[in-house]
Amino acid sequence: MKKKALITGITGQDGSYLAEFLLDQGYEVIGMLRRSSTLNFERIAHIQDDITFVTADLLDEASMIHILRDNKPQEVYNLAAQSFVQTSWSQPVLTGETTALGVTRLLDAIRMTDLDIKFYQASSSEMFGKVIEVPQVETTPFYPRSPYGVAKVYGHWITVNYRESYQMHASSGILFNHESPRRGLEFVTRKISHGVAQIVCGLKDSIELGNLEAKRDWGYAKDYVKAMWMMLQQDAPDDYVVASGETHSVKELCQIAFDEAGIDMDKHIKVNEKFFRPAEVDLLVGNPKKAKSILKWEPEVSFEELVRMMVAADIELIKKYL
C-alpha cells in the first residue's frame with residue numbers, strides 16, 4: 001500500500017520539489033490548497049495530474065481536521081506560510097496568523113485526528129536574525145529581526161511543545177536560504193537572475209537592489225527538500241539545521257549572475273535604500289553537521305552552479321515569450 005503525504009504550500013517552490021521527490025519515492029501526494037481567486041499551478045503543472053488536491057486553510061482548524069480525517073496521511077509537511085520577509089513588515093498580523101498560529105492549528109488538528117502522523121515544520125534561518133554565534137547550529141539562541149522571523153520562532157517552538165507534550169513525531173528543519181529557477185520573483189536571488197535575463201534580452205537596463213553587503217548561506221531547494229523527507233524517516237523526531245555551511249554576499253551573487261550572462265555588473269546595478277530592511281540581518285551561515293551525520297544528507301549543487309542555473313533558466317524563459 002502506498003504511503004500518503006499531505007503537503008501544505010504545494011504550489012510554492014519547496015512544495016513543488018517535495019511533491020516531485022515524494023512521487024518518485026512512490027508516495028500518494030495530497031496537496032492542500034487555500035481557496036482563492038488566483039491559484040498558481042505553474043510550478044506543479046507537469047505533475048498536477050498525479051496529485052490529489054484538497055481545500056483547507058491554515059486560518060481554519062476545522063478545515064484541516066476534515067482533510068486529515070478524509071485522507072488519512074502518514075506524513076504531513078507544513079510548507080505554507082506568508083514567506084516573504086519584506087511583506088511581513090507591512091502585514092505583520094497576517095504573517096503571525098499564518099506563519100505562527102497556522103502551525104498550532106495544524107498540530108492541534110493532528111492531535112485530534114491521528115497522533116501517529118509524522119509532522120514536518122518548515123523553520124527558518126531568519127529565526128537567528130541578529131546572530132549570537134557564527135556559524136549557527138540547532139542550539140544557537142534565536143534573535144529574530146522581522147515579523148516573519150518572530151512568527152517562525154513561534155512555529156518552531158510550538159512544534160517542540162507538541163512533540164514533548166503529546167509524544168508526536170514532529171520535526172523542524174531550520175533551513176537556510178534555498179533557491180532555484182522556481183523561486184518567486186520577489187526574492188533577491190530570483191530578482192537578480194530574472195533581472196539579468198531581462199537586461200540580456202534588451203527589456204531593461206538596470207536592477208535596483210538594497211544592501212549588497214548582506215551575506216547569506218544559499219543552497220539549492222531541490223537538495224533541501226530531501227532533508228525534509230529524511231527527517232520523517234528517523235525513528236525519533238528532532239530539529240536539524242539544513243545549510244551549505246558557506247556564506248556569500250548579495251554582491252558576489254550579482255557578480256556570478258552577470259558573469260554567466262557575459263555583461264558588466266557595474267553598469268547595471270543601482271542601490272536603492274527603499275529595499276533596505278528596517279532591521280537588517282547581516283550574516284547567516286549554518287553548520288549542517290548534525291544533518292550530515294544523522295540524516296546522511298549532503299547538498300549536491302554548489303552556490304556558483306545554482307546562480308548560473310538560475311540565470312540560464314531565466315534567459316531561456318524570457319526568450320520563449322519574445
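Could you work out the percent of alpha carbon pairs in the range 69-157 separated by over 22 Å, rounded to a whole number?
Distances greater than 22 Å cover 34 percent of the Cα pairs.
May I ask you to derive the FRET efficiency for ASN71 and HIS46 from their Cβ-Cβ distance with R0 = 25 Å, giving the value to the nearest 0.05?
Efficiency for this residue pair is about 0.65.
Give the lysines reachable from LYS152 as a straight Cα distance under 23 Å; neighbours fewer than 8 places away on the same chain don't count.
The qualifying lysines are LYS118, LYS130, LYS215, LYS222, LYS226, LYS289, LYS290.
Enumerate the amide H contacts of GLU179 below 5 Å, restricted to partners 5 or more residues apart or on another chain; note that Pro and chain-start residues carry no placed amide H.
Long-range HN contacts for GLU179: GLY219, TYR220, ALA221.
Highest first, please rank the peptides 196-204, 70-78 by the mean number of other Cβ atoms sitting within 10 Å of their residues.
70-78, 196-204
Can you give me the pair-distance distribution of the range 183-297, C-alpha pairs, 10 Å bins, whole percents?
Values per bin, smallest distances first: 12, 36, 28, 17, 6, 0.
Starting from the amide H of ILE207, placed 1.01 Å from N in the peptide plane, find each other amide H under 5 Å away whose residue is 5 or more places distant or on another chain.
Placed amide hydrogens put ILE269, LYS270 under 5 Å from ILE207.
So with the 1.4 Å probe, I'd like the accessible area per residue for the range 1-153, rounded to whole Å².
44 Å²
Need one number: nm distance between label points at THR55 and LYS320, each 7 Å from Cα along Cα→Cβ, rounded to one decimal.
Going by the 7 Å Cα→Cβ label model, 2.8 nm.
Give me the Kirkwood hydrodynamic radius of the chain, using the inverse of the mean 1/r over all pairs of distinct Cα atoms, in Å to one decimal.
20.2 Å is the Kirkwood radius here.
Once neighbouring chains are kept in place and the probe is 1.4 Å, which whole percent of the accessible area of the chain is contributed by carbon and sulfur?
49 percent
Subtracting the Cα-Cα distance from 0.36 nm times the residue separation, let me have the gained length for ASP114 to TYR143 in nm, one decimal.
Result: 7.1 nm gained on full extension.
Amide H of PHE119 versus every other amide H placed in the peptide plane: which residues, excluding those fewer than 5 positions away on the same chain, fall under 5 Å?
The answer is VAL76, HIS169, ALA170, SER171.
Can you say what percent of the DSSP beta bridges in the range 7-65, counting only those with both residues inside, are antiparallel? Round to 5.
10 percent
The values are calculated or read from the model by the stated rules, or taken from the named source; none is laboratory data. Computed from a predicted structure; not experimentally measured. For neighbour counting, all protein chains shown are included, and Cβ atoms are generated from backbone atoms with ideal geometry for every residue, glycine included. The area values use the complete protein model at the heavy-atom level, side chains included, leaving out ligands, DNA and RNA. Shrake-Rupley method; radii C 1.70, N 1.55, O 1.52, S 1.80 Å.
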